[in-house]
Structures are given as structure tokens and as C-alpha cells.
Amino acid sequence: MFRAIQTLFGVTIVGFLLLPIVAILPLAFTSSVFLTYPIEDYSLRWFTELATADAWRLSIMNSLIIGLGATLLSTVLGTLAALGMRSEVLPLASLLRTVFLLPMVVPAVVLGVGMQMLFVNFGLASTYPGVIVAHAVLCVPFVIVSVSASLQGIDRAVEKAASSLGASPVTVFHRVTFPLALPGIISGAVFAFATSLDEVVITLFVAGPNQRTLARQMFSSIRENISPTVVAAALLLIIGTLCLAGLAAALRWRQERNALRAAP
Amino acid sequence: MSRASARETLGALLLIVPLLAFLAVFFLWPLWTMVTAAVVDDTVSRVLPRTAAAIVSWDGRDLPPPQVHEALVADLRQANDQQALGETVRRLNSAVSGFRTLLSRTTSSARDGADPKTIDLAAVDPRWKDPRYWLALKDAVPPYTDRNLLAAVDMKRDADGAVVSEAPGASANRLIMFRTFLIAAIVTAACAAIGLPYAMLAAAVTGWKRSALLLAVLVPLWTSLLVRTTAWFVLLQNEGLINGALQAIGFIDSPLPLIFNRLGVVIAMTHVLLPFMVLPIYSVLLSVPRNLMQAAASMGASPLRAFWRVLLPLSLPGLLSGSLLVFMVAIGYYITPALVGGANDQMISSVIAFYATGTANWGLAGALGVILLLVTTILYLIYGRLSKSPQLLGA
């Protein structure tokens, strides 16, 4: 009896967590303009709309441009900082860590309003660089967490061995530290890209009509006039995220296999 | 400090400085801008700097001394920035109506007069004999103000400078703050009610069952927030899947109102935030020895008693961390209430966005933002204290 209740509860909650996401996806293939079941006729017309309608096509391009820019910026800055934070002699290390993770905590609307006020003075409001730096701020914590975790797994003795064999610090980094940290850096970059792809609130405040991202476009079309295009875009986002996660996992797997081969 | 370790410190700092500078400019500065927008009010003191300096010495009784009159004339003679002057006039006119005509007449007289010392303000306009105008000016010149912060909690200063509440119905900020905390509390309670037994179940089972239960939590966590909100937006419609299914099995006759109301917001937010509750409890429970419940049972405790006296107290730290996390994230939510909620379910973030983009009332948007930021920061500090690693469930 108790087991039955347990199973029922577990299945119900798993259903609550997963079904809503799965249940709407077939609607991307409906030929009707309404988001209702049963689907009478299947078609790809909403994907065609996504690829051809100016607003959607532009927003997909913008998401890629802004996502790549923010990922590059946050990954470079975050990886450097994570390397610096490894040092045990660093003063105020825990305070620095808190500051680096803070963008994850501050309510997005608060940050968005502040950025809008400030960016107007810089001439960054409604520009690509403005949106890219705004997104990069939000991506930084994910890079820090991911790269720090992978750096923690590196045996310091390996680096010491390299430098005792005469390698310069640059060589040690290039040939030892960086390759070992690469999986963490890549998964940090993937998290960063996914964060930028999904960001709406800050974009609402700092982006102009020309920087509308896919997420921003989805947000306003749900608000104003929802059509199956939104679900098609949602499917695209899910597939994009899955591909990125798969890419990160594959790279990590290859890395581990190579490491095993190198150390027989 | 040895030379080697000094060099190491320097090297570490050099690696950190780029990110620190980046966050200082693009993260801390925007927040600071918002805070200053809430408390700085230099519209008047920037245009009338001499008046601002001179009027401080006036005690507010009778009329101000002649040097204040002279300072005002001198300031108005040199006020070249028409836009800034316009803002000053608007600001003063909202305090005492009639200031607009009074200042424009005084400005033109001040500019015509050859010697500012000879101009008699009372002769230019008799209203300068009325202390109300001077008091409004004295009120408006301090560069810092608590007006926005008070307005954010539906309070203001009366004529004597005492802090009083706004008339009921004049402003709804307190109501919205109360609503924000209420919705966040309901969502936290719902997440705890589902998340605690779920995490216990995940910790109790093994093998593929545990993997499946954890995967079911992680997949939504990594699915875009917008996709999840879209899903609920589609499902909760009157013609949506939930109402359709309930009607098809004859459970209800007419569709239940699920969207654009409190229920829809709570369902969607619980779904979005449930992983933040499950994962901290689960990680705490993992460190509980598996045979503890068996030990309690072997000593004669019924399963219920063993749960109540052993498992529940042990999972409390996780429950507390999870609740803080869910509550903290929930009070700042914008997208989900904006899309799934009705007019009466908008939370503090929506109001901030409204003041900022709708009415360009930066002061009030900033003041409400300061309050939200303060509450979030306090909760985060408590959370950081409670859990050993202050990082969120980011990666």
C-alpha cells in the first residue's frame, strides 16, 4: 500500500515536471492557426514562417550574434578570473567569489533598469555591444562555477612536475593547465550561450528594435498574439540546447578517452 | 612575504582584474545608478546653486534674508540650460502651482535688470512675499531626497516634514509588495510540499529509478524558462489541453479559469522553481546513512514516528536552503507573472518595469528596485551562511 502511494506520487510529479514541456511540442507541426488538440493536419508552415518572416529571421540572427559575443566575452574573462582565484595567497578570495556569482542573484528587472539608465549615458543603449555586455554579465557566474570546478580537479603536482622539468609558466599553462581545464571551459561556454539564448528581461531594457533576440520576440508574441510560431521557436530552442549539451558531453568524453590513452 | 609569493599574488590579481573591472563597470555601476536615481534629486540645486547654498541659513520663518533674493536673481540671470531650467520649473510647480508663471516673470526681469542687487523681487511679483513659494524652494534644493523611498512604501512628508502614510487608495505599492511576498510564500510552500517527499523518494530508491527521478528534475532546469512558461500558457488556456482533458472525461462541464489568475501563476512558478527545492534537500539527504531509518525501526519506532523523529529533522537544513532559494528567486520574477498572470497578480518587478519604461519615473523605479535588491541580498547572505558552498545550482 505504502509502496503503491510512493510509486503513484513519484510518477505524478515526474509527469508534472516533464509533460508540460513535451505536451506542447507537437503543436509546432499543426497546420491550424490555433494551439489546440486534436491536430487535424500536420504541416511545416510555422517553421517556414520562422525562417522567412522578417521579425523571426532577424531575431534568430540576433540571438546567434549576441549569444556568441556574450559567450566569448564571459568565457575569456571568467576563465582568467577562475585561474587567478586558484591561488591560495589571494586576499579576499571568498568576497571576490561572492561578487562574481552575484549577477545570478540580483533580480533581472533591477539590473535591467540600472543598465538602461547607465547605458544611455555611454551611448550603449539599443546597440549590439550594449546587449552583448549586458548578457555577458549574466553569463559570468556560470563560467566561473564551471571552470573553477574543473580547475579544482587538476592535480597541482602535474604542473609542478612540468615546471621542475624546465617549462616556463606560459608553457605550463599552454601544455598542461589549459588542456586539463578545457572541458570545464567548454561547458562554461555552453552554459553561457544557453543563458544568453534564454534571456528576456535585461534585453527588454537595453535592446532596441534592431537587437530583438529570439527569446524577446517569443515573449512579445505570446503577449500580443500567440501563434504556433512561438511553439516552433520553442522547439528550436530545445533542440539547440540539446545539441549544445550533447556537444559539451561529447567533447568531455573525447577528452577523457584521450587522457586515458596518454596515460596507459 | 617572500618574493615568490608576492609574485604569485600579483599574477593572480592580474588574472582577476579584467573581470573585476568588467563587473564594476557593467554590473555594480548600473546598480549604483539605480540607487542614486532613487535618492539624488539635484534638478533644482544644479540650476540654482547659489540659492541652494544661501537658503540653508534661512530658518523658514517670515521671509528669507536679502542675500537669498540676490542669489536667486544671480542664478536666474545665468541659467542658460533651457532644458534643465524647464525641469526645475516643473519640479517647483508640482510643489506649489503658480511657480511656472512666477519664475518666468522673475527670470525675464532678472535678465533685463542691469544690476542684480537693485532688483526687488516683491516688486517684480507680489507672490515673492508669500513664504509658501520660498518654502517650496527650500524644500526642493537639497540634493538628496527620501521622497522616492517613502513613495515606494506609500508614505510621504507632510507640510511639517513629518513622515505620514498616503491616503488609502492613492497608491498601491504596499499592496503590491505584500502580494509579491504572498505569491512567493505560496510558491515556496507548494515547492516544499512537493519537493520534500520527492527528494526523500529520490534518496530512498536506487538504480534507474533514482536516475529517472533526478533526470526529471534536471531536464526542466535546463529547459529555457521561456519555453516552460510558453508551455503553461498553452496548456492553461480555456481551450487548452488541461481543460480539454478534464471536459473529455466528463470531470467538468465548463472550462476552469486557469490562466490570467493567481492559480495559473502559482502552478507555473511552482513548476519552474521546484528543482531549486528538490536538489538542496536531496544533497542533504544523500549524506544521511541509509541504515538510520532501519535502526529506528529496529528500536520499535513506527515508520511514521521514524520519519517524524529521524528523517524530517535531518532534512531540515536542505529544506531551509531550498525554501530560501525558491523564495529569493520568486520575489524577483517577472516573465511568468507577466505572461500567465492577470492584472491582480503582477509582482514588484512588473511595477518597476512599468515605472521605468511606461512613465519614465526613474526615481520611483529606483526606490522600488532598492527595496527588492535589499531583500534579495539579505536572503542571499543568509543562504550563503546556511549552505557551505554559496554558489547556486548553476552548474
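Quick rundown of the values:
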| item | result |
| --- | --- |
| As computed over the protein assembly as shown, the Cα convex hull volume per residue (Å³) | 243 Å³ |
| Peptide A:118-131, shielding by other chains (average Cβ, 10 Å cutoff) | 1 |
| Local electrostatic count at B:E8 - Lys and Arg +1, Asp and Glu -1, tallied over other residues with Cβ under 12 Å | +2 |
| Global geometry of the stretch B:175-386, whether rounded, prolate or oblate, following the gyration tensor of its Cα atoms and the 1.5 cut on a/c | oblate |
| Pairwise FRET efficiency - B:L256 versus A:R45, Cβ, R0 = 30 Å, nearest 0.05 | 0.45 |
| Protection proxy ranking of A:15-23, B:257-265, B:80-88, A:99-107 - average other beta-carbon atoms within 10 Å, highest first | A:99-107, B:257-265, A:15-23, B:80-88 |
| Gain on full stretching of the segment that runs from B:N291 to B:A245 - 0.36 nm per residue minus C-alpha separation | 12.2 nm |
| Lysine pairs in the protein assembly as shown with Cα atoms under 22 Å, if 8 or more residues apart or on separate chains | 4 |
| Dipole of the stretch B:117-174, positive end: most advanced residue of B:S171, B:L149, B:T118 [Cβ charges, Cα centre] | B:T118 |
| B:N93-A:S163 pseudo-label distance in nm [points 7 Å out on the Cα-to-Cβ vector] | 6.9 nm |
| 5 angstrom amide H check on B:M155, placed H, neighbours 5+ away | B:E166 |
| Shielding by partners, peptide A:67-80 (average Cβ within 10 angstrom, other chains) | 2 |
| Theoretical FRET efficiency, 1/(1+(r/R0)^6), r = Cβ-Cβ of B:L214 and A:I5, R0 25 Å, to 0.05 | 0.75 |
| Computed [θ] at 222 nm, deg cm²/dmol, chain B (DSSP H ≥ 4; -39,500 (n - 2.57); rounded to nearest 500) | -21000 deg cm²/dmol |
| Environment charge at B:W134 (Cβ cut-off 12 Å; Lys +1, Arg +1, Asp -1, Glu -1) | +1 |
| Selection from B:W232, B:S349, B:L372, by position along the positive dipole direction of the stretch B:175-386 (Cβ) | B:L372 |
| Karplus-derived 3J(HN,Hα), 6.51/-1.76/1.60, for each residue of the stretch B:161-174, Hz, glycine and proline x | x, 7, 7, 10, 6, 4, 4, x, x, 6, 8, 10, 5, 5 |
| Estimated FRET transfer efficiency (B:N238, A:T52; beta-carbon r; R0 30 Å; 0.05) | 0.45 |
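We did not get these values from a lab; they are worked out from the coordinates using the rules stated. Note that the coordinates shown come from a computational prediction; the quantities given were computed from them, not determined experimentally. Quick reminder, even Gly has a Cβ in these numbers, built from the backbone with ideal geometry, and neighbours come from all protein chains shown.
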